[in-house]
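Reviewing the structure listed below.
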Amino acid sequence: MGAYVALLRAVNVGGTGKLPMSELKAMCEAAGFENITTYIASGNVVFVSALSEAQVRKALEDRLAAYAGKPVGVLVRTAEEMTAVLKDNPFPAAKPNFTVAIFLDERPEKAALDSVRNRAEDEEIALGKREIYVSYGSGMGRSKLVIPAAKAGTARNMNTIAKLAEMAGALT
C-alpha cells in the first residue's frame, strides 16, 4: 500500500468544474482507496492504495468523467514525490504563496521554457522532474505569463504542496 496525492485540474476554480469534496471522497472510496482526506475545495485528495500511480489516475479519471460528463485531468504523486517537489523548489526565498509547482504527467522538455511569453522581470521559471516551478514576484493575479508547456498541468502553491506532503507523509 502506498500513500498518494491526487491533484485535479480545473476543479472549483473560477466557478468552473464544481465538485463537492464529499463527492470526490466518495469516488475515492468507490475506487477502493483508504484513509482518504481532501484538502481545500480545489481538487486535492490524499489517500492510501495498493494500485500503481497509473491505475490510481485511471480509476479517478473514469469516475470523474462519469460525474462531470467530460474528461477531468488528474495528476498523481506518491508521498515521497510530493515531499521531493517541495524540497526541490528552486526558489526557496520567494513567498510560498507566490511560488507554484505546475504538475505535469511527463518530464517537461528542456526547450519547454523557450515558448514562454509575457514574462515579467520579477518572475522566475525553472524545470523540475515532472513539474515547472514559477515564482510570481508580484503575485499570480497580476501576471500575464504564458507557459504553453504547462497547459495540461495543474498548479499548486508551496503552502498547499507543503500541507499535502505532510498529510501524505503521515500515511506512510
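Explain nothing, just the number: dipole magnitude of region 65-167 about its Cα centre with +1 on each Lys and Arg Cβ and -1 on each Asp and Glu Cβ, in debye rounded to the nearest 20.
Dipole of region 65-167, to the nearest 20 debye: 280 debye.
Between Gly128 and residues 5 or more places away or on another chain, which pairs have amide H atoms under 5 Å apart, with H built 1.01 Å from N, and which residues are they?
Amide H neighbours of Gly128, under 5 Å, 5+ apart: Tyr133.
Any idea what the dipole of region 108-172 comes to, in debye rounded to 20, about its Cα centre with Lys/Arg Cβ at +1 and Asp/Glu Cβ at -1?
Computed charge dipole of region 108-172: roughly 220 debye.
For a quick size check, give me the Cα extents of region 42-112 along its three principal axes, largest first, whole Å.
42, 26, 26
Per residue, how large is the accessible surface of region 49-163? Use a 1.4 angstrom probe and give square angstrom.
Per-residue value: 55 Å².
Give the shape of region 82-131 as rounded, prolate or oblate, defined through the alpha-carbon gyration tensor: a ≥ b ≥ c are the square roots of its eigenvalues, a/c under 1.5 means rounded, and otherwise the shape is prolate if a/b is larger than b/c and oblate if not.
Note, shape of region 82-131 comes out oblate.
With point charges of +1 on the Cβ of Lys and Arg and -1 on the Cβ of Asp and Glu, referenced to the Cα centre of the chain, which listed residue (Gly128, Ala94, Ala65) lies farthest in the positive direction of the dipole?
Checked the options; the winner is Ala65.
Quick one: net charge around Met158, please, counting Lys, Arg +1 and Asp, Glu -1 for every other residue with C-beta under 14 Å from its C-beta.
Summing Lys/Arg as +1 and Asp/Glu as -1 gives 0.
Apply the Karplus parameterisation 6.51 cos²θ - 1.76 cosθ + 1.60, with θ equal to phi minus 60°, to every residue of region 100-106 and state each ³J(HN,Hα) to the nearest whole Hz, in sequence, with x for glycine and proline.
Result, rounded to whole Hz: 10, 10, 9, 7, 10, 6, 10.
Relative to the Cα centre, what is the charge dipole magnitude of the chain, using +1 at the beta carbon of each Lys and Arg, -1 at the beta carbon of each Asp and Glu, and rounding to the nearest 20 debye?
Charge dipole of the chain: 400 debye, to the nearest 20.
Let a ≥ b ≥ c be the square roots of the eigenvalues of the Cα gyration tensor of region 78-172; is it rounded (a/c under 1.5), or, if not, prolate (a/b larger than b/c) or oblate?
Here region 78-172 falls in the oblate category.
With everything on Cα atoms, drop me the angle between helix 53-68 and the longest principal axis of the chain, reported from 0 to 90° to the nearest 10.
Roughly 80 degrees between the two axes.
How are the alpha carbon pair distances in region 105-156 distributed across 5 Å bins from zero to the largest one, expressed in percent?
Taking every Cα pair in region 105-156, the percentages come to 5, 19, 34, 26, 13, 3.
Could you tell me what percent of the accessible area of the chain is made up of carbon and sulfur, with a 1.4 Å probe and every protein chain present?
51 percent
Which longest uninterrupted range of the chain lacks any GluC sites (Glu not before Pro) assigned by DSSP to a loop state (not H, G, I, E or B) and surrounded by at most 16 other Cβ atoms within 10 Å?
Excluding the exposed sites themselves, the longest stretch runs over 1-105.
To the nearest whole percent, what portion of all C-alpha pairs in the chain is separated by more than 23 angstrom?
38 percent
The values are calculated or read from the model by the stated rules, or taken from the named source; none is laboratory data. Please read these numbers as outputs of a predicted model, since none were measured by experiment. Note that each Cβ is placed from the backbone with ideal geometry, even for glycine, and that neighbours are counted across all protein chains shown. Remember, those area values only see protein heavy atoms, side chains included, never the ligands or the DNA or RNA. Shrake-Rupley method; radii C 1.70, N 1.55, O 1.52, S 1.80 Å.
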